[in-house]
Amino acid sequence: MQPRPVVLDVDPGIDDALAILLALASPEIELRAVTVTGGNCPLAEGVRNGLDVLALGGGAHVPLAAGVALPIIRPPFTAPETHGATGLGYAKLPPSPAAPIAEHGVDRLINEIMATPGEVTLVAVAPLTNVALAIRKEPRIVQAVREVIVMGGAVRADGNTTPLAEFNVYVDPHAAHVVLHSGIPQLTIIPWDITINVRITQTHVDRLLALGGPIPAFIAEAVRFYLEFHEAHFGFAACSINDPAALALAFLPDLAQTTPIYMDVEINSETTMGKTVGDFLHLTQRPPNVRLVTAFDNERFVELFLERMEKLTRNS
Ligand code: BDR
Ligand code: CA
């Protein structure tokens with residue numbers, strides 16, 4: 001079977017970096033482009049991290065485009081406490097010889113989707129600024145994209161950024177509003193409710209370290225910071241790898257159970273800004289606009305993730 005074309009929108013970010021590596025390690029997909037927005041770290045750092053991680057994983061040829069730096073309306077909001085000062089925890093990567101392409105990230109998203117209508121899967125694991133502005137600039141992408149898979153929102157769980165809101169949606173709730181109300185026929189949302197339980201531990205990292213080489217070393221140093229953060233903030237000795245879980249749904253959708261549901265996002269109240277709301281009881285009587293992931297096979301996914309990192313390490 002031909003690999004499925006995927007465009008990955010990221011704000012790298014430790015788990016974004018792991019999603020890039022998983023994309024490079026997965027023969028079921030062809031990573032057509034990476035687009036970057038400001039989020040976990042400012043745009044310039046995210047672009048640098050994205051390029052360096054692509055090079056680490058043997059993907060220096062994959063075009064990476066810098067997108068929008070700031071949320072549409074809200075002020076910038078980064079996450080150095082979660083991802084470290086550079087965005088990649090304690091890891092230090094050799095600088096990639098590659099540069100970002102000249103094309104703007106929003107245009108790259110549009111052009112990749114419109115080049116092969118009905119084929120491209122867009123996996124968005126960052127604040128949705130690039131995606132929302134791409135929809136506004138070229139509304140035909142809504143029908144032309146095969147599927148959009150978003151990591152974001154806290155629907156039936158506490159938020160991880162405010163008591164109610166998850167990071168990607170909180171940073172640019174207006175962008176999330178555009179995406180949710182755009183009419184994308186296949187919009188899959190994997191929320192924090194689910195990804196908080198998709199965890200790797202030091203034991204998993206040690207399994208990779210046993211192979212030696214730069215990829216396990218990178219994962220270990222990035223994840224060491226992420227583990228410390230999760231222990232301090234959530235009280236468990238593991239870290240949630242949100243973004244790779246979303247990426248995996250591009251080629252292994254049966255990892256997830258989903259439910260069609262009407263979902264909306266708060267963009268007015270400061271207290272509840274970015275809260276995502278799922279109408280589980282059909283109280284609004286509005287038609288479903290998303291497929292919400294309600295269960296995920298954590299064990300199968302974590303094993304797949306580790307095997308793919310092992311394979312990438314052996315082949316590098
Ligand atoms: C999301 O926010 C970011 O910190 C992670 O990269 C992930 O995309 C989790 O809430
Ligand atoms: Ca992310």
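The values are calculated or read from the model by the stated rules, or taken from the named source; none is laboratory data. Fair warning: this is a prediction, and the values are worked out from it, not measured in the lab. Quick reminder, even Gly has a Cβ in these numbers, built from the backbone with ideal geometry, and neighbours come from all protein chains shown. Just so you know, the surface numbers come from the protein's heavy atoms only, side chains and all, with ligands and any DNA or RNA stripped out. Shrake-Rupley method; radii C 1.70, N 1.55, O 1.52, S 1.80 Å.
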- How would Glu270, Glu30 line up by accessible area, probe 1.4 Å, largest first? Glu270, Glu30
- Message: Pairs of alpha-carbon atoms within less than 8 angstrom and 6+ residues apart define the contacts here; what relative contact order does region 141-194 have, in percent?
- Response: 53
- Accessible-area order for Lys137, Lys311, largest to smallest, probe 1.4 angstrom, reads Lys137, Lys311
- About the Cα centre of the chain, how large is the charge dipole given +1 on each Lys and Arg Cβ and -1 on each Asp and Glu Cβ? Please answer in debye to the nearest 20. 440
- With all protein chains present and a 1.4 Å probe, how do Asp107, Asp206, Asp11 order by accessible area, largest first? Asp206, Asp107, Asp11
- Of the DSSP H helices in the chain, those whose Cα atoms cover at least 24 Å axially and whose Kyte score averages 1.0 or more: none
- Item | Around His230: net Lys/Arg minus Asp/Glu count, Cβ-Cβ under 14 Å | -2
- Task: Straight distance only, please: which lysines reach the Cα of Lys311 with their own Cα at less than 29 Å, same-chain residues fewer than 8 apart left out?
- Result: Lys92
- Query: Can you give the accessible area of His177, probe radius 1.4 Å, in Å² rounded to 10?
  - Reply: 60
- Mean residue ellipticity (222 nm) of the chain, computed from DSSP H runs ≥ 4 via -39,500 (n - 2.57), nearest 500: -11500 deg cm²/dmol
- Message: Can you give me the solvent accessible area of Ile113 with a 1.4 Å probe, rounded to the nearest 10 Å²?
- Response: 0
- Could you tally the net charge around Glu221, taking each other residue with its Cβ under 12 Å from the Cβ of Glu221, Lys/Arg +1 and Asp/Glu -1? +1
- Query: In whole Å, what is the distance between the alpha-carbon centres of region 244-316 and region 100-129?
  - Reply: 20
- Query: Taking the simple approach of a point 7 Å from Cα along Cα-to-Cβ for both Tyr90 and Lys311, what is their distance in nm?
  - Reply: 3.0
- Task: At most 14 other Cβ atoms within 10 Å and a DSSP loop assignment: could you name the chymotrypsin sites (Phe, Trp or Tyr not before Pro) in region 270-303 that fit?
- Result: Phe280
- Excluding Thr35 itself, calculate the net charge of residues whose Cβ lies under 12 Å from the Cβ of Thr35, where each Lys or Arg counts +1 and each Asp or Glu counts -1. -4
- Task: For region 33-96 and region 147-179, compute the distance between their C-alpha centroids and round to whole Å.
- Result: 19
- Query: Rg(Cα) of the chain divided by 2.2 N^0.38 Å?
  - Reply: 0.91
- Loop-located trypsin sites (Lys or Arg not before Pro) in region 1-109 whose Cβ has at most 15 other Cβ within 10 Å (DSSP): Lys92
- Can you pull the accessible area of Arg207 for me, 1.4 Å probe, Å² to the nearest 10? 80
